[in-house]
1. List the number of the failed condition for Gly84; all other conditions in (1) assigned to a helix (DSSP H, G or I); (2) under 16 Å from Ile25 (Cα atoms) hold.
2. Val112: in contact (Cβ under 8 Å) with a residue 24 or more places away in the chain, part of a strand (DSSP E or B) and β-branched (Val, Ile, Thr), yes or no?
3. Scan segment 76-105 and report the pairs whose first residue is in contact (Cβ under 8 Å) with a residue 60 or more places away in the chain and whose second residue is buried (at least 24 other Cβ atoms within 10 Å of the Cβ) and of a type in the set (D, E, K, R), with Cβ atoms within less than 6 Å and a gap of 6+ or a chain change.
4. Quick one: in segment 104-120, of everything that is of a type in the set (A, V, I, L, M, F, W, C) and more than 12 Å from Arg144 (Cβ to Cβ), which residue is surrounded by the most Cβ atoms within 10 Å (Cβ to Cβ)?
5. Every residue in segment 35-54 that is surrounded by 24 or more Cβ atoms within 10 Å (Cβ to Cβ) and not in a helix (DSSP H, G or I), please.
6. So Val36 fits all but one of (1) in contact (Cβ under 8 Å) with a residue 24 or more places away in the chain; (2) of a type outside the set (Lys, Arg); (3) out of contact with any His (no Cβ under 6 Å at 6 or more places or on another chain); (4) under 24 Å from Val166 (Cβ atoms); what number is the exception?
7. Which of the residues that make up segment 87-109 are over 12 Å from Ser142 (Cβ atoms), among the β-branched types (Val, Ile, Thr) and assigned to a helix (DSSP H, G or I)?
8. List pairs: first residue in segment 1-27 and without any contact (Cβ under 8 Å) to a residue 24 or more places away in the chain, second residue part of a helix (DSSP H, G or I) and not hydrophobic (A, V, I, L, M, F, W, C) anywhere in the structure, Cβ distance under 8 angstrom, at least six positions apart or on different chains.
Amino acid sequence: MKLNKLIDHTYLKAFGTEKEINKLIEEAIEYDFKSVCVNPFWVEHSHELLADTDVLVCTVIGFPLGANTINTKVFETIDAIENGADEIDMVLNVGRVKAQDFDYIYEEVSAVREACPNKTLKVILETCYLTKEEIRLASVASIRAQADFVKTSTGFGTGGATIEDVKIMKEVAKEKEVKASGGVRSKEDLENMINAGATRIGTSSGISLVKGETVDSDY
């Protein structure tokens with residue numbers, strides 16, 4: 001297993017400029033990461049620079065709070081795909097999870113799924129705000145709605161991925177996949193997440209992780 005191909009090389013800070021995004025893309029090409037994960041504004045630019053590579057373009061929808069309307073998330077998804085996105089990481093409506101409204105979660109994930117039928121869809125649960133049972137039920141609703149992945153975190157919440165949460169999500173996901181993001185700070189952390197069931201890692205520290213270095217970044 002190539003660790004580099006498990007990594008979504010990520011830059012989602014609000015103050016990123018073309019310089020930072022170009023650096024991200026250059027690093028992703030050099031280290032042959034699975035994708036770059038960028039805010040929607042940078043999708044078209046990233047797509048153009050990665051056109052002759054096998055590095056994918058991933059973007060975020062409803063980010064980082066998940067509190068957009070379903071129609072807004074659908075529009076964002078369609079726009080991202082038109083601009084060249086290969087993968088969609090959507091934040092579900094965390095408030096509806098806390099309200100135990102899993103029919104709504106199914107509806108919104110299904111709507112985004114319909115908007116990107118031939119693209120990889122990852123659903124971000126923001127596990128730091130959820131109980132273990134809410135993580136399980138939100139994963140169930142997302143997988144029922146045909147998400148390809150359930151993902152732990154945005155990196156903008158109060159905490160990131162944990163081994164226990166990844167195991168819960170993988171138990172639900174079964175043949176579908178789990179993305180762990182936030183808090184993966186060492187190669188040991190990365191390997192522990194993989195052993196727990198993660199098949200993708202979202203991080204801004206991918207280079208350090210594949211080199212076996214420990215970092216202090218939250219994402």
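1. Of everything listed in (1) assigned to a helix (DSSP H, G or I); (2) under 16 Å from Ile25 (Cα atoms), Gly84 misses just condition (1).
2. No, not satisfied.
3. Asp89/Lys122
4. Val112
5. Selection gives Ser35, Val36, Cys37, Val38.
6. For Val36, the failing item is (3).
7. The answer is Val94, and nothing else.
8. Cβ pairs passing all conditions: Lys13/Glu20.
Read the figures in this text as sums done on the coordinates, not as results from a lab. As the structure is a prediction and not an experimental result, all values here were calculated from the model. Quick reminder, even Gly has a Cβ in these numbers, built from the backbone with ideal geometry, and neighbours come from all protein chains shown.
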